[in-house]
Amino acid sequence: MKKTCFNNRGLSFVELIITLIILSVLSILILPSAQMTSRRVKEIELRRELRVMRTAIDEYKKAYDKSEADTKILTSLNKSGYQESLKILVDGYDFGGVVSTKKKFLRRIPGDPFNPKLKDGAPEWGLRSYNDKPDSTIWGGEDVFDVYSLSEEKAIDGTKYKDW
């Protein structure tokens with residue numbers, strides 16, 4: 001009977017190279033997918049933050065109109081009923097005594113995931129007033145009617161984030 005002897009000292013150089021090639025191909029395929037997933041998550045976050053702020057702006061307007069209808073606030077010809085700044089949504093407003101304490105609409109001003117710049121310690125957003133054109137990039141300064149991202153980047157669908 002003949003004894004067979006196997007060499008069990010480890011991997012051969014060829015096996016090691018083949019393993020490295022397979023791992024390289026897999027990483028090349030996974031990396032773009034991970035980057036796309038990260039971008040989608042940031043886009044979802046941007047849509048959510050815009051929705052939260054726009055809802056708060058609309059709620060402020062409803063509360064203002066209600067207090068004006070209840071004649072607690074004097075009607076002003078120059079006033080649209082929108083807040084003067086985003087900070088009022090966080091600090092609160094009493095609407096001429098309609099509510100006993102200041103009514104707050106946001107806990108904090110959310111940040112823009114594609115424009116992380118801070119202005120005076122607060123996230124920086126593009127603002128439009130009631131009298132501005134819908135696609136205006138210059139804020140009139142009277143009130144805050146709408147917010148938009150200041151990012152010039154394009155979304156996955158080809159639109160610009162500032163147009164959302």
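The values are calculated or read from the model by the stated rules, or taken from the named source; none is laboratory data. Predicted model only: the values in this text are computed from it and were never measured. A quick note on method: Cβ atoms are made from the backbone with ideal geometry, for glycine too, and the neighbour counts reach across all protein chains shown.
Of all the residues in the range 101-128, those that are free of Cβ contacts under 8 Å to residues at least 24 places away in the same chain, charged (D, E, K, R) and assigned to a loop (DSSP other than H, G, I, E, B) number 5. Of the candidates Ile57, Ile28, the single residue that is without any contact (Cβ under 8 Å) to a residue 12 or more places away in the chain and not aromatic (Phe, Trp, Tyr) is Ile28.
Would the range 48-69 turn up any residue that is of a type in the set (Ser, Thr, Tyr), at pLDDT 85 or above and assigned to a loop (DSSP other than H, G, I, E, B)? Scanning the range 48-69 turns up no residue that is of a type in the set (Ser, Thr, Tyr), at pLDDT 85 or above and assigned to a loop (DSSP other than H, G, I, E, B). Among all residues of the range 85-102, there is none that is more than 17 Å from the chain's Cα centre (by Cα), buried (at least 16 other Cβ atoms within 10 Å of the Cβ), at pLDDT below 90 and within 21 Å of Trp164 (Cβ to Cβ).
Being under 17 Å from Glu49 (Cα atoms) and surrounded by 15 or more Cβ atoms within 10 Å (Cβ to Cβ) is a property that holds for Glu124. Just one residue in the set Ser129, Ser80 is small (Gly, Ala, Ser), closer than 26 Å to Asp163 by Cβ and under 20 Å from the mean Cα position of the chain (by Cα); that residue is Ser129. Within the range 131-160, the set of residues being under 28 Å from Gly81 (Cβ atoms) and at pLDDT 90 or above comprises Asp143, Val144, Phe145, Asp146, Val147, Tyr148, Ser149, Leu150.
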